[in-house]
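What follows is a set of notes on a single structure, which appears directly below.
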Amino acid sequence: MAVLRWGIIGPGRISTRIVRALASSSRGTLAAVASRDADRAAAYASRHGVGRSFGSYDELLASSEIDVVYIALPNHLHAQWTIRALEAGKHVLCEKPLALTVEDVDAIQAAARMTGRIAVEAFMYLHHPQILRALEVAGDGLLGPLELILGTFSFLLSTPDDPRIDPAMGGGSLWDVGCYPVSFARRLAGEEPDRVAAFARLDERGVDRTFIGQLHFPSGLLAQFDSGFRASDRESFEIVGQAGRLVLDSPFVPAPDGPRPVVTLWRGRVREQITVPSMDQYRAEVEDLTGAILDGTPPRVSLDFSRGTIATLVDLDLAARSTG
Ligand SMILES: NC(=O)c1ccc[n+]([C@@H]2O[C@H](COP(=O)([O-])OP(=O)(O)OC[C@H]3O[C@@H](n4cnc5c(N)ncnc54)[C@H](OP(=O)(O)O)[C@@H]3O)[C@@H](O)[C@H]2O)c1
């Protein structure tokens, strides 16, 4: 059986989720890690039992022993390293947001076409059974025609020199966590919004710390979300139809990294709990890309879908800045 050899670029906080996912994957193995610092890479490799470490990202890309690269760098580096990895002949799983401009997504799509390699944005939550079930329930018409979508994702960020609040590194709660409810709303709508509106609380460097946004879809469906760095952990998602509504208590980071997923179907005042299995969504994300590479199945998060997400985020950011 073919086994894909993975390399990590950017051994930070989130990369350990992919270490965990690969540890239980039957068709993937973690072969190498690269840091800008050779000692840091070696320490990470020894801590996580990774066979090889590199003191630069380019060295990992040059290795013939790597098939897939997981890019877990700060936001402003995603597009450039995704393109470099594709050009080095690697498949890519890149953290969200895939890019900060639509032009950069287009460049990634062009590089993927040219090299025949696959690049996927790491929206792990889209692989969780609770999200697949929610899409099914909404798609089956159980909620009636969809009327409104409401989403929330925020946490308290208190580190002063964090890339997530650096304007030069794609900082801001919209790009960091607002991208989750925005992408989920678009997935449900099955089309792109034709109008957006937004307000943001910007800090002294012009980075949004709290954001509220609204999307209007051509069908008439409305979506509203908020994201933020100044409120303790909040996440929820509600899909409101004319005949019922579906509520997800932990739509984006459920167990094993958050609370057990709870999905509730409300019809009038009658409440029904929908049972969904708990599973490691990072593992599901790895398996999805593995299937795309080895079996030719379409990846669940296509580059066209990512393009729509980035276009919407750019529009929302602009809308918030133009409303002052
Ligand atoms: N899908 C998810 O669940 C999830 C969750 C959290 C974050 N994320 C995304 O994952 C990405 C990384 O987040 P993280 O929380 O893991 O970040 P992090 O802990 O800050 O790690 C980022 C890594 O990037 C490398 N790096 C390269 N240039 C850098 C620079 N100029 N400044 C800082 N670090 C730099 C660093 O490794 P070396 O210096 O050792 O090379 C660092 O370890 C972000 O894009 C974020 O949006 C996704």
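Within the stretch 156-184, residues that are surrounded by fewer than 18 Cβ atoms within 10 Å (Cβ to Cβ) reach partners that are part of a helix (DSSP H, G or I) with beta carbons closer than 6 Å, at six or more positions or on different chains, in the pairs PRO163/MET169. Just to be sure I understand, how many residues within the stretch 159-178 are closer than 13 Å to LEU316 by Cα and near the ligand (Cβ under 9 Å from one of its atoms)? Adding up the residues that qualify gives 1.
Number of residues in the stretch 1-23 that are among the small types (Gly, Ala, Ser) and at pLDDT below 95 equals 1.
Evaluated against (1) among the polar types (S, T, N, Q); (2) over 18 Å from TRP81 (Cα atoms); (3) surrounded by fewer than 17 Cβ atoms within 10 Å (Cβ to Cβ), SER56 falls short on exactly one condition, (2). Evaluation of VAL286 against the conditions (1) surrounded by fewer than 20 Cβ atoms within 10 Å (Cβ to Cβ); (2) aliphatic (A, V, I, L, M); (3) more than 30 Å from ARG321 (Cα to Cα); (4) touching a strand residue (DSSP E or B) at 6+ places or on another chain (Cβ under 7 Å) shows that the sole unmet condition is (1).
Taken over the stretch 289-321, the criterion of being farther than 16 Å from GLN109 by Cα, touching a helix residue (DSSP H, G or I) at 6+ places or on another chain (Cβ under 7 Å) and assigned to a loop (DSSP other than H, G, I, E, B) is satisfied by THR297 alone. Within the stretch 125-137, at least one residue is without any contact (Cβ under 8 Å) to a residue 40 or more places away in the chain and not assigned by TED's automatic domain parsing to the domain that holds SER56. Total residues in the stretch 195-209 satisfying the condition of being surrounded by 20 or more Cβ atoms within 10 Å (Cβ to Cβ) and in contact with a strand residue (DSSP E or B) (Cβ under 8 Å, 6 or more places away or on another chain): the figure is 4.
The values are calculated or read from the model by the stated rules, or taken from the named source; none is laboratory data. Quick caveat: nothing in here was measured; it's all calculated off a predicted structure. Backbone-built Cβ (ideal geometry, glycine too); neighbour counts: all protein chains shown.
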